[in-house]
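Here, each number is a calculation from the coordinates, and none is a lab measurement. Only a predicted model underlies this, so the values are computations on that prediction, with no experimental measurement involved. Don't worry about glycine lacking a Cβ; one is built from the backbone with ideal geometry, like all the others, and counts go over all protein chains shown.
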Amino acid sequence: MTKVLIIYTGGTIGMVNDKATGVLRPLDFAHIHENVPELKRLPYQITVHSFNEIIDSSNMSPAIWVELATLVEENYDLYDGFVILHGSDTMAFTASALSFMLEGLNKPVIFTGSQLPIGEIRTDAKENLITALEIASAKLNGKARVPEVCIYFDFQLFRGNRAFKYNSAKFEAFRSPNYPVLAEAGVHLRYNDASIRKCDDCIFKVHKRLVNSITVLKLYPGISKETVSAIVNSKTEAIILETFGAGNTMTEKWFLDCLESAIKGGKVILDISQCKVGTVELGRYETSRDLKNMGVVSGFDMTYEAAVTKLMFLLGRGYTLDRLARLLETNLRGELSKTPLAVPAKSVF
């Protein structure tokens, strides 16, 4: 029988109304069948592991990502797939992080959650959970149909390191404008097999060292020299530069000098766009030509969440600045589309 492990970290999906007080409280997932009786009809074995301390996703941290990756590692040979229940606010960060940490993955790791608690009458929790379980157990020709870290929400399955939360008021909470949806649930569950990343002959390996020595410089018209200097000169190893349009910045000398000084001092600067759709194209416009010449690294069409977690992952590997820059521009786990290097799903480390 197909076996799926549910890992409950916390979040709205696991909340029910306490009849005595009327206050939302965490559900005891040992009794999940009482709240979702439909689970008894599913043709596979479900096991639930709950975190001892339920976590609001706003308190998510790299240490918890390591805990999640370790749980997958320890149970990898025991289950056909994994469903991780997680608060939606930082779900894209966690899914992105695990996509890098779980190298050579050939089983589904599906994140889901909900906008309303599982005990509410109009909840989206039941559909999200049941379909996530179906995807985690799905096979094609005897192999996992979706051997990736993904997010399932509101009838759509996204690659985890391509999605971001964009709406806190609707069930349609996530989008992935720069990469196709991997599956859609309607009357039938339809998979976009051509867009699903396969790694059949890969060796599964878990990376647990993450370094969060990162700062973010988000540009805006009128940003001051003092603000830029404070961020650029902070004691971090990497800077995420959130630029305009296709990777453009102001061309004032003091600004470019600040960036160049940071690079010469051993920092890596990763350029991602503030736009949600499109890609960084360093050198296309005069306003980004100097960035390319001084060694600013292109993030192409990576999401902010993927940029943060990819940097933490690569910094944890202890690479030289040159190799770090090269790997940031390399498509490692399907996190970016436009890349100067063709890298297989197998390890490049």
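Can you tell me the dipole magnitude for the chain around its Cα centre, using point charges on the Cβ only (Lys, Arg +1; Asp, Glu -1), in Debye to the nearest 20? About 580 debye. Extension gain, HIS188 to SER337: 0.36 nm times the residue separation minus the Cα-Cα distance gives 50.8 nm. Identify the trypsin sites (Lys or Arg not before Pro) of region 1-88 meeting these criteria: DSSP loop state and at most 16 other C-beta atoms within 10 Å of the C-beta. For trypsin sites (Lys or Arg not before Pro) across region 1-88 that sit outside H, G, I, E and B with at most 16 neighbouring Cβ atoms in 10 Å, the list reads LYS19.
Peptide packing: for 193-200, 94-101, 243-250, 44-51, the average count of neighbouring Cβ atoms within 10 Å per residue gives the ranking 94-101, 243-250, 44-51, 193-200, highest mean first.
With each run of n ≥ 4 DSSP H residues scored as -39500 (n - 2.57), what mean residue ellipticity at 222 nm is computed for the chain after dividing by its residue count and rounding to the nearest 500 deg cm²/dmol?
-7500 deg cm²/dmol
Have a look at ASP18, ASP290, ASP271 and tell me which one the Gaussian network model of the chain (Cα, springs below 10 Å) gives the largest fluctuation. In this elastic network of the chain, the residue with the biggest mean-square fluctuation among ASP18, ASP290, ASP271 is ASP18.
Using the Cβ atoms and a cut-off under 11 Å, what net charge is assigned to the surroundings of TYR166, where Lys and Arg are +1 and Asp and Glu are -1? Intermediate values should be presented prior to the final figure.
Numbers: positive: LYS165, LYS170, ARG175, LYS276; negative: GLU172.
Cβ neighbours under 11 Å give a net charge of +3.
For an R0 of 41 angstrom, estimate the FRET efficiency from the Cβ-Cβ distance between ASP18 and ARG284 and round to the nearest 0.05. E between ASP18 and ARG284, to the nearest 0.05, is 0.15. Measuring from each cysteine beta-carbon in the chain, the ones with no other cysteine beta-carbon under 4.7 angstrom are CYS150, CYS258, CYS275.
With contacts taken as Cα pairs under 8 Å at a separation of at least 6 residues, the chain carries a relative contact order of 15 percent. Annotation for ASN233 and ASP77: the two label points, set 7 Å from Cα along the Cα-Cβ direction, are 5.5 nm apart.
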